[in-house]
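Everything on this sheet refers to the single structure shown next.
The values are calculated or read from the model by the stated rules, or taken from the named source; none is laboratory data. What you see is a predicted model; the values in this text were computed from it and never measured. A quick note on method: Cβ atoms are made from the backbone with ideal geometry, for glycine too, and the neighbour counts reach across all protein chains shown. Accessible surface areas use protein heavy atoms only, side chains included; no ligands, DNA or RNA. Shrake-Rupley method; radii C 1.70, N 1.55, O 1.52, S 1.80 Å.
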Amino acid sequence: MKKAALSIITAICAVTALLCGCSASGYTVFSEVYAFSDDILFSARILGGRAEYAHERMVKTIAEINAQASITLSSSDLYKFNASAEGERVQVGEHVYNLFTLGAEYYEKTNGAFNIAAAPLSSLWHIDATSLGGNVTELPSPQEVSDMLEYCNPALVGAEKSDGKYYLTKRDGRVKLDFGGIAKGYAADKCVEILDGYDDVTSALIDISGNAYFYGNYINGGNRLDWNVAVTSPRPRKTTERGFVCAAVVGKDNSAVTSGDYMRYYEFGAGDDKIYVPHILGFDGVPIGLKWNEVTERWENGDEYIISATVIGESSALCDILSTAVSALGFETGGALLKNSGYKGLIFTEKRYTIINGVKLYKPDEYNGFARYTYYEL
């Protein structure tokens, strides 16, 4: 699952104009503050007379979500649940309960491609929140992954709401949860709920390390315009100077989220045997882009897995879920999932790309990022 600052979306075009001239356009610009961890940042640009109050409530809400749902904070409800024994009924906050029920629902809807119970697998692969990469000397065997996958299942957790309180109970003591693949989107949606409570807030850009939400239209000199985002080119992998592969029209009241293999990963081995291990797990419990070679008995990188999946839609949490699930399922199956969801998107492999549900591109003639990919109609 996605663990931290996975963002590969950068707001540009009309959004760039906004970021450079928000104050002049009447927007109140709130500088970045840490959210969830020291590599996840929250920023906001809000147009409205009570922007400061809305922002204060957003910061407080994000802090509440983190206090309940952090996998590393020893005082959090999630941490206490993960440390609990089989059959122990653990009281949790409403945010943890909501994150669990939504995650469990989409575990079923995505056939396990989005998995909030994959924390043990993340640890096994050294892609969890505390040990990403590290000094990895050995990768797990296919059998170890298969054995662990059996209990990485949200169905092994019972959820109960009683007398205004919320409880989770393990049916298998080995189960551990991780909301890293949904927490940012969930938090962004909660920020939108706060904005909805202020009639005088007409436009805003919410950004939680790349989980961007575009509230209302972009207002510029009395003109109401669509918001646009640029999708960073997923290659070359190791440089921050990739440029943009394309720009897309987001419209208004929509979120845009991207998952990819190149923002958080580690290298294993050296020379011709070096492989890349991304932080996103496939539905089979193996990081995307890895496959087992039966002849050499070692892991190697494939060449037709998803390296970038951008999802656009009205719920940031669902964009979070779908971008991960699409990456986990692969080009054909993941693309079909996104198409059936009704959300829009752009999907790239090393060789191909596709556009799902009619994403409009913004001045594509100004970008040459598509040149290395072949369009494929799903």
Taking a straight Cα-to-Cα line shorter than 29 Å from Lys165, and setting aside same-chain lysines fewer than 8 residues away, one finds Lys2, Lys3, Lys60, Lys80, Lys109, Lys176, Lys184, Lys190
The range 186-240 and the range 298-366 have their Cα centres apart by a whole-number Å value of 19
When the chain is treated as a Gaussian network with springs between alpha carbons less than 10 Å apart, the largest mean-square fluctuation among Asp147, Asp77, Asp253 is found at Asp147
Counting sequence-distant residues (5 or more places) and residues on other chains, those with an amide H built under 5 Å from that of Arg298 are Asn293
Quick note, the range 103-255: a/c under 1.5 would make it rounded; otherwise a/b > b/c is prolate and the rest oblate (a ≥ b ≥ c, C-alpha gyration tensor); here it is oblate
Taking a probe of 1.4 Å and leaving out DNA, RNA and ligands, the chain shows per residue an accessible area in Å² of 42
Residues other than Ala69 with Cβ under 10 Å of its Cβ, Lys/Arg counted +1 and Asp/Glu -1, net out at -3
Share of accessible surface on carbon and sulfur in the range 146-268, whole %, 1.4 Å probe and ligands ignored, is 42
Honestly the chain on the Cα gyration tensor test (a ≥ b ≥ c root eigenvalues; a/c under 1.5 rounded, otherwise a/b vs b/c for prolate or oblate) is just oblate
